[in-house]
Amino acid sequence: MQTIVSGMRPTGRLHLGHLHGALRNWVPLQKDYRCYFLVADWHALTSDYASPQSLQQSSVDMVTDWLSVGLDPQRSVIARQSQIKQHAELHLLLSMITPLPWLERNPTYKEQIRELEGKDLSTYGFLGYPVLQAADIVMYKGNKVPVGVDQAPHVELTREIVRRFNQFYGPIFPEPEVLLTQIPKVPGLDGRKMSKSYGNAVFLSDSPKEVEQKLSRMMTDPARARRQDPGEPEKCPAFQLHKIYCTPEEIDYVSKGCRTAGIGCLECKKVMIKHVIRELAPIEEKRQAYEKRPADVEDVLAAGNRVAQEKASETMEEVRVAVGL
Ligand code: SF4
C-alpha cells in the first residue's frame with residue numbers, strides 16, 4: 001500500500017474552505033492508501049510565533065473537526081508534528097543540503113509575505129518552511145501528496161531536496177509525487193478567499209441559523225444593485241458555492257433567473273443555503289458527540305503520535321547511518 005502524507009496548520013476552527021480544499025479529498029483516500037494526517041503545529045509557529053497560546057486548543061479543535069468529517073483513526077495515523085521530535089532532526093539535516101536560492105525563489109514564500117502583511121516574516125524559520133514540510137513528507141516515506149495545482153511547486157521542491165539527499169547519501173527516500181486533486185474555488189463572504197483571518201468564513205461549527213445569516217449577506221454581482229437589474233452569475237462570489245452544492249437543474253434555474261432578473265439574490269441564495277445546512281448537519285452531530293468526550297480526541301492523538309514516532313524512529317536510524325552520524 002502506498003503512503004500519503006498531508007497536514008494542516010492548527011490556526012483555529014475549520015471552515016468550508018478546508019472542507020472542500022482538503023478534507024473531502026482526504027476521507028476517500030483512506031480506503032486506498034496508508035495515510036498520515038499531521039497537525040502541523042510547528043508550521044503554525046513559523047508565522048504565529050508571537051502568539052502560541054492557543055496552539056494546544058486549536059490542535060484539539062481541528063482534530064475534532066477532522067474526526068467529525070470522517071477521518072478514521074482506525075485506518076489513518078492522526079498525529080501532532082511537535083510530538084514527534086524526529087521531525088526537527090530531519091529538518092536540520094535536510095536544511096544542510098538545501099540551497100538557499102531554492103527557498104528564496106519559492107512563489108508561495110513571496111505570496112505569503114505579501115498576504116500576511118503586518119507580521120514580521122523575515123525569519124529563518126519562515127524561509128525554511130518548505131524544508132520542514134519536506135521532512136514531514138519523507139519521514140513516513142510518503143509516495144503521494146494530495147494537493148491542488150497551486151501547491152504543486154511545494155511538492156516539487158520536496159522532490160528536489162529528496163533527489164539531492166539521495167545523491168549524497170544513497171537511496172533512502174522515495175520521490176513523492178503530486179496527487180493532483182480538484183479543489184473547487186471557495187470564496188469567503190466578501191468574495192476574497194475564505195479565511196479565518198479575513199473574517200469572511202462559514203465555519204463547520206456554525207449553527208444552521210448562523211450559516212443562513214452569513215450566506216444571506218454574502219457578496220453578489222454588484223450589477224444587481226436593485227431587484228430588477230439583471231446580473232451575471234460568473235461575476236457573483238455566491239454562485240461559486242452554487243456550483244459546489246447545487247444540482248444541474250438548480251444551477252440552470254438560478255443562472256437564468258439571475259440573467260433575466262427573474263429571481264432576487266436572496267431567493268437565489270436560499271437554493272444553495274439549504275444544501276450547505278444539510279451537509280453540515282451530520283458533521284455537527286458528530287462534533288457534539290466528541291465535544292462531550294474531549295478525552296477521546298486526546299486519545300486519538302496520543303495513539304497516532306505513538307505510531308508516527310515508531311515509523312519516524314525507523315526512518316531516522318536509516319538516515320543517521322546513511323549520513324554517517
Ligand atoms: S441572483 Fe444569484 S447568481 Fe445572481 S447575483 Fe444574485 S446571488 Fe448571485
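The values are calculated or read from the model by the stated rules, or taken from the named source; none is laboratory data. This structure is a prediction, so every number in the text was calculated from the model and none was measured. Positions of Cβ are generated from backbone atoms using ideal geometry, with glycine treated the same way; all protein chains shown enter the neighbour counts.
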(message) Among the residues of region 253-263, what is the count of those that are assigned to a loop (DSSP other than H, G, I, E, B) and hydrophobic (A, V, I, L, M, F, W, C)?
(response) 2
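Residue-wise test of (1) buried (at least 18 other Cβ atoms within 10 Å of the Cβ); (2) at pLDDT 90 or above; (3) in a helix (DSSP H, G or I).
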position: TRP66; (1), (2), (3): yes, yes, yes
position: ALA79; (1), (2), (3): yes, yes, no
position: ALA88; (1), (2), (3): no, yes, yes
position: LEU92; (1), (2), (3): no, yes, yes
position: LYS110; (1), (2), (3): no, no, yes
position: LYS119; (1), (2), (3): no, no, no
position: SER122; (1), (2), (3): no, no, no
(message) Suppose we keep only residues that are among the aliphatic types (A, V, I, L, M) and in contact with a Gly (Cβ under 7 Å, 6 or more places away or on another chain) within region 185-222. Which one would you say is farthest from the ligand (Cβ to nearest atom)?
(response) ALA201
(message) The conditions are (1) in contact with a helix residue (DSSP H, G or I) (Cβ under 6 Å, 6 or more places away or on another chain); (2) aromatic (Phe, Trp, Tyr); (3) surrounded by fewer than 19 Cβ atoms within 10 Å (Cβ to Cβ), and PHE239 fails exactly one of them. Which is it?
(response) (3)
(message) I'd like to verify a number: residues in region 196-252 that are in a loop (DSSP other than H, G, I, E, B) and under 18 Å from HIS18 (Cα atoms), how many?
(response) 8
(request) Would you check if LEU127 is closer than 23 Å to THR315 by Cβ and either without any contact (Cβ under 8 Å) to a residue 60 or more places away in the chain or surrounded by fewer than 20 Cβ atoms within 10 Å (Cβ to Cβ) (or both)? (result) no
(message) Take the conditions at pLDDT 95 or above, loosely packed, with under 12 Cβ neighbours inside 10 Å and not hydroxyl-bearing (Ser, Thr, Tyr) and apply them to GLU317. Does it pass?
(response) yes
(request) Considering only residues that are under 28 Å from the mean Cα position of the chain (by Cα) and surrounded by 13 or more Cβ atoms within 10 Å (Cβ to Cβ), look in region 242-255 and name the one that is nearest to the ligand (Cβ to nearest atom). (result) HIS242
(message) Quick check on this structure: which one of PRO237, PRO222 is farther than 30 Å from MET1 by Cα and in contact with a Ser or Thr (Cβ under 9 Å, 6 or more places away or on another chain)?
(response) PRO237
(message) Filter region 223-238 down to the residues that are over 20 Å from GLN213 (Cβ atoms) and more than 7 Å from the ligand (Cβ to nearest atom) and list them by number.
(response) ALA223, ALA225, ARG226, ARG227, GLN228, ASP229, PRO230, GLU232, GLU234, LYS235
(request) State which residue is surrounded by the most Cβ atoms within 10 Å (Cβ to Cβ) when the search covers only region 1-45 and only residues that are touching a residue at least 40 places away in the same chain (Cβ under 8 Å) and among the small types (Gly, Ala, Ser). (result) ALA40
(message) If LEU266 satisfies all but one of (1) part of a helix (DSSP H, G or I); (2) crowded, with 17+ Cβ neighbours inside 10 Å; (3) near the ligand (Cβ under 10 Å from one of its atoms); (4) in contact (Cβ under 8 Å) with a residue 40 or more places away in the chain, what's the number of the condition it fails?
(response) (2)
(request) Could you list, in sequence order, all residues of region 271-287 that are surrounded by 12 or more Cβ atoms within 10 Å (Cβ to Cβ) and either near the ligand (Cβ under 8 Å from one of its atoms) or without any contact (Cβ under 8 Å) to a residue 24 or more places away in the chain (or both)? (result) LYS274, PRO282
(message) Looking at the structure I just gave you, is LEU301 within 11 Å of the ligand (Cβ to nearest atom) and part of a helix (DSSP H, G or I)?
(response) no
(request) Being closer than 18 Å to ARG9 by Cβ and among the charged types (D, E, K, R) is the filter; apply it to region 124-158 and report the residue that is modelled with the highest pLDDT. (result) ASP136
